[in-house]
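A.B. asks: First the structure, which I've put down as structure tokens, then a few questions once you've had a look.
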There are 6 protein chains.
Amino acid sequence: MTPSTSNPEESRLERGRKALAAIDGQAGDKVVAALADIAPDFARYILEFPFGDIYSRPGLDLRAREIATIAALTAMGNATPQLKVHIEAGLNVGITRDEIIETMMQMAVYAGFPAALNALFAAKDVFADLDSATG
Amino acid sequence: MTPSTSNPEESRLERGRKALAAIDGQAGDKVVAALADIAPDFARYILEFPFGDIYSRPGLDLRAREIATIAALTAMGNATPQLKVHIEAGLNVGITRDEIIETMMQMAVYAGFPAALNALFAAKDVFADLDSATG
Amino acid sequence: MTPSTSNPEESRLERGRKALAAIDGQAGDKVVAALADIAPDFARYILEFPFGDIYSRPGLDLRAREIATIAALTAMGNATPQLKVHIEAGLNVGITRDEIIETMMQMAVYAGFPAALNALFAAKDVFADLDSATG
Amino acid sequence: MTPSTSNPEESRLERGRKALAAIDGQAGDKVVAALADIAPDFARYILEFPFGDIYSRPGLDLRAREIATIAALTAMGNATPQLKVHIEAGLNVGITRDEIIETMMQMAVYAGFPAALNALFAAKDVFADLDSATG
Amino acid sequence: MTPSTSNPEESRLERGRKALAAIDGQAGDKVVAALADIAPDFARYILEFPFGDIYSRPGLDLRAREIATIAALTAMGNATPQLKVHIEAGLNVGITRDEIIETMMQMAVYAGFPAALNALFAAKDVFADLDSATG
Amino acid sequence: MTPSTSNPEESRLERGRKALAAIDGQAGDKVVAALADIAPDFARYILEFPFGDIYSRPGLDLRAREIATIAALTAMGNATPQLKVHIEAGLNVGITRDEIIETMMQMAVYAGFPAALNALFAAKDVFADLDSATG
């Protein structure tokens, strides 16, 4: 995951692509594709900064990173599409459904019951979609 | 950490007191003391619900719980006193300084650079206080 | 509304159930039911802390409590489902439609016109549903 | 409180001045004075819209209006100076200290414990200032 | 755009109507119409304060005002209907689609990637509606 | 402002340094310096992404970019240190004091009067510091 010294800019993008695929799976691809006609540079920035720079850093494991993201998006309460992507991402990196629920419930303490409740219903939707897809 | 069946209400408060002491240490005591003359019932609720109910649940380890809280308070950006308490709480439950910094940096992705920056400066303050106290 | 001394934990839950039924009516039951398969403990916490502890306190009448909640949810602007529940709750405890509208309009001062506007449209929806149900 | 038909614009400003004086007392004057050299038109807008238009409306009593404002500013958590002004305003229009505390405690449910806690400490400051002034 | 001195209150409303028509076009009319049965006074306030007072001020051109509004609504992230109105308003006052996209992308820095992303998708919707209307 | 093809990663950082110096002046340097001992990588990210990537893009002039940032930080209301930096940055790129005041006043419409008011007082502080420094 170290960029090659000869072509660092491309490596950063490439590193981001790999991190996005590992973490968000197909949901990440969909976001990038949806930006293609309106803001393709923003798709590149998403790959480069959040995924190429931040999620690729060695100082915190992906499990902790996804718990942090699920907690923050639950607390902020105004980014449901991204919360749903990271519920799946959390499952992808080994967090259990119950741990996601615990993280969201805890947010009632810091951001209020409505924020926690709306996140729990988003999780319910994601889990139901996953169950029907694999059903 | 299971409440006794004969006196559940007291046990919930008692469980919260123990959890608060284990997690927040003296900082938690100060908050409870500061509420004594203005809203003593609210001090009790803090012990009972966040600590007696939520942090005492077995489904998520305290390390993950504190990363979630630090992430959320960083992202929300309007609760610096509580963020500082949980920076110390994170250290108390075994999160390293570097992991706290990583969690805050990641929040630039979800809540913007100012939120991350202000949290990093709060961490700098807390770390400096701890170093001077033990210096 | 005082919990029995012999079984305080059950009483707190029971007190919350009664408060929820009195305030939110069927809307509260639906939320509790929707949590049953994903986070049943969170349904219990909703009954116990907001309703069993807070709304059951004698220091503020339910009319003032619902105005406070409608104001806050209008200002926060990211909890429309809960705002709709509390528009109905406000009517249940004797606040008039016009007073709900006044409360929301006032929030333009503190949280901006979009927050007030989106709350007014939520109220319009709730009032229309009530009118068609009783039509 | 009805504007004269011959000079409605002046009356709106005048109505706002009277409402501000009745509600905020000297704290409102200080805000208007502090804007004099940087944004005097904004001082006029504050008198005209929030106070001349909104608070002067007959559909909701001032007691309910101040509970709504205290609730919203507590929940938003990023307007401590204005919250302090409205804690005093609440007392001015007949809300008791205990009712202000109850309103803030209730906000823990909707906006989290840190928001409620920071508002309670703002109230503690205001009450202490009032007590020392009248001491 | 200066109100007549003989009837300033009516002029303020009239000035707001003209500003709303020039800036928001039909979208503004729809909001006013939707408020007619629930909060007609609020429709008047929208015309008077934001449009009659603020947008009619000479100190900042409408292009800069709409960039400011698009930036703020993107960053706040909880007012999508109003953001869509102001995407169209921005185009009405001469901002290009690319400049709107640039403004939104920049908000990733201050309010995080989800806020920017959700605004970009709102812009995508508005642009598609405009293209299909003129197709 | 185009990165050299032979060493794009360094160029991005270098481009960010130049943009930061041009826009934020000494205030930007202070932020970078303050991060040196706690999160030096975050200082680099600030140079690279906001300044090297975003502010260096040709699609929107710096004047519009700073109005967007001042508007957003005013509306968000929880990033006063960064707002102050961008008040100075706005002046650096040619926005007048009156235009900054206009932008902030407009935010009363979208984020409420307290957010606008607190930003105006931040501007008053910055202007006074500048006047005393050049006095």
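A.B. asks: With the label 7 angstrom out along Cα to Cβ, how close does C:Asp29 come to the same site in each of the other copies, in nm, nearest first?
C.D. replies: 4.6, 4.6, 4.9, 5.7, 7.0
A.B. asks: Mean residue ellipticity at 222 nm from the helices of the protein assembly as shown, using -39,500 (n - 2.57) per DSSP H segment of n ≥ 4 over the full residue count, to the nearest 500 deg cm²/dmol?
C.D. replies: Taking each H run of at least 4 residues, the total per residue is -23500 deg cm²/dmol.
A.B. asks: For chain B, what's the relative contact order in percent, using C-alpha pairs closer than 8 Å and at least 6 residues apart?
C.D. replies: The normalised contact order for chain B reaches 22 percent.
A.B. asks: If contacts are Cα pairs under 8 angstrom and at least 6 residues apart, what is the relative contact order of region C:60-135 in percent?
C.D. replies: 34 percent
A.B. asks: If you don't mind, there's one more thing I want to ask. Going by alpha carbons, how many degrees (0 to 90, nearest 10) lie between the helix axis of F:97-111 and the longest principal axis of chain F?
C.D. replies: Around 80 degrees separate the two axes.
A.B. asks: In region C:72-89, whose amide N lies under 18 Å from the spot 7 Å out along Cα-to-Cβ of C:Ala34? List them in ranges.
C.D. replies: Once the point is set 7 Å along Cα→Cβ of C:Ala34, C:73-74, C:77-89 turn out to lie under 18 Å by backbone N, inside region C:72-89.
A.B. asks: For region E:7-57, what relative contact order do you get, as a whole percent, if you take Cα pairs closer than 8 Å and at least 6 residues apart?
C.D. replies: 56 percent
A.B. asks: Order these peptides, E:61-67, B:99-105, C:26-32, by their mean beta-carbon neighbour count within 10 angstrom, highest first.
C.D. replies: In descending order of packing, they fall as B:99-105, E:61-67, C:26-32.
A.B. asks: Work out Dmax and Rg for region C:7-57 from the C-alpha atoms and quote the Rg first, both in angstrom.
C.D. replies: 10.2, 30
A.B. asks: Note down the nm distance, to one decimal, between modelled labels 7 Å out along Cα→Cβ at C:Ala128 and at E:Ala133.
C.D. replies: 2.0 nm
A.B. asks: Here's a follow-up. Below 19 Å, Cα to Cα, which lysines can C:Lys124 reach? Residues fewer than 8 away in the same chain don't count.
C.D. replies: List returned: C:Lys84, E:Lys30.
A.B. asks: Using only Cα atoms, tell me the angle between helix E:62-76 and the longest principal axis of chain E; keep it within 0 to 90° and round to the nearest 10.
C.D. replies: 60 degrees
A.B. asks: For D:Lys18, give me every one of the aspartates and glutamates with a C-alpha distance below 17 angstrom, ignoring sequence neighbours fewer than eight places off in its own chain.
C.D. replies: D:Glu9, D:Glu10, D:Asp29, D:Glu48, D:Asp53, D:Asp61, D:Glu66, D:Glu88
A.B. asks: Would you mind computing, in nm to one decimal, how far apart the modelled labels at C:Ala21 and F:Asp41 are, each placed 7 Å from Cα along Cα→Cβ?
C.D. replies: 5.6 nm
A.B. asks: Can you give me the angle between helix B:113-134 and the longest principal axis of chain B, using Cα atoms only, in degrees from 0 to 90, rounded to the nearest 10?
C.D. replies: So the helix axis and the longest Cα principal axis differ by about 70 degrees.
A.B. asks: How many nanometers, to one decimal and shortest first, lie between the label point of A:Ala128 and those of its other copies, if labels sit 7 Å from Cα toward Cβ?
C.D. replies: The answer, with the shortest distance listed first, is 2.3, 2.4, 5.1, 5.1, 5.6 nm.
Bear in mind that the values in this text are calculations on the coordinates, not laboratory data. All values reported here derive from a predicted model rather than from experimental measurement. Glycine gets a Cβ as well: all are built from the backbone with ideal geometry, and neighbour counts include every protein chain shown.
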